[in-house]
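Here is the structure we will look at, set down as structure tokens.
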Amino acid sequence: MGNSIASPETKNLAPIASNLDNEINILLEGEPKVGKTSLLNIFLFGTPNQNLNLNIEKFSTRLKIRDRTVKVNVWDPSSENDKKKNKMNYYKNCRGMALCFDTTEPKSFEKIPHYIEEMNKVDKNKRILIIGTKCDLPERKVSSDEARALAQSYGYSYYEVSIQNIPLVQEAFTTIVEESVLIDMKAEKEKALAPIFKLMK
Ligand SMILES: Nc1nc2c(ncn2[C@@H]2O[C@H](COP(=O)(O)OP(=O)(O)OP(=O)(O)O)[C@@H](O)[C@H]2O)c(=O)[nH]1
Ligand SMILES: [Mg+2]
């Protein structure tokens, strides 16, 4: 994906360019060990083994979506931390959620509706992308059809990835960012048109 510029956020990060049109927060969610950080590494660096500093939970990059440059903050809270305490903040403040399960671990798939319900309790309008991970492994237990059907029942997109298919992982991240930005664009358009509709009444 040629249009992403990886720039992990650290204390030394240069100031963000002023030509940004949007800033968007994406939450990585799912059961422990399903592969969330590996996917984030691929999105940022094009390789799963970058050993991101586990104490840092927010990483940033930029993507060109349509005619906009979007600063994308990805939150990857580590499983060890007391996620519950901060969870509502993450849910409230993200625009989209990349919700991951491991295709070789049915229990991680069974938890998907739970995460969706938790998010819907906070806000029903967040964009969610469901991602099945580790599809390179022979011991797959959750079928593509089953996972796709679940995603469709909620109206969400579904991606099935592995750390061996780097372009596909990057495409999945671009999709959740794009879908999240489009919600914002729609809201902006409606806001801009509201006075006109009012006049027409
Ligand atoms: N074979 C295979 N292994 C993977 C894949 N994705 C992740 N893994 C492995 O699964 C293990 C867990 O990956 P992580 O990325 O640390 O998972 P996580 O969801 O961030 O885990 P927590 O932060 O502890 O919740 C690691 O050993 C990865 O190398 C994949 O697509 N295929
Ligand atoms: Mg992790």
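Annotations for the structure displayed:
- Approximating the spin labels as points 7 Å out from Cα along Cα→Cβ, the D136-to-N86 distance works out to 2.9 nm.
- Residues of region 110-135 with amide N under 14 Å of the 7 Å Cα→Cβ point at E190: 124-127
- Region 63-143: GluC sites (Glu not before Pro) in DSSP coil with no more than 12 other Cβ atoms inside 10 Å: E80, E139
- Projecting the Cα atoms of Q164, L199, V70 onto the charge dipole of region 61-201, computed from C-beta unit charges around the Cα centre, puts L199 farthest toward the positive end.
- For the pair S144 and I183, the difference between a 0.36 nm per residue extended length and the Cα-Cα distance amounts to 11.3 nm.
Since every read-out is calculated from the coordinates, none of them should be taken as a lab result. Predicted model only: the values in this text are computed from it and were never measured. Cβ: placed from backbone, ideal geometry, glycine included. Neighbour counts: every protein chain shown.
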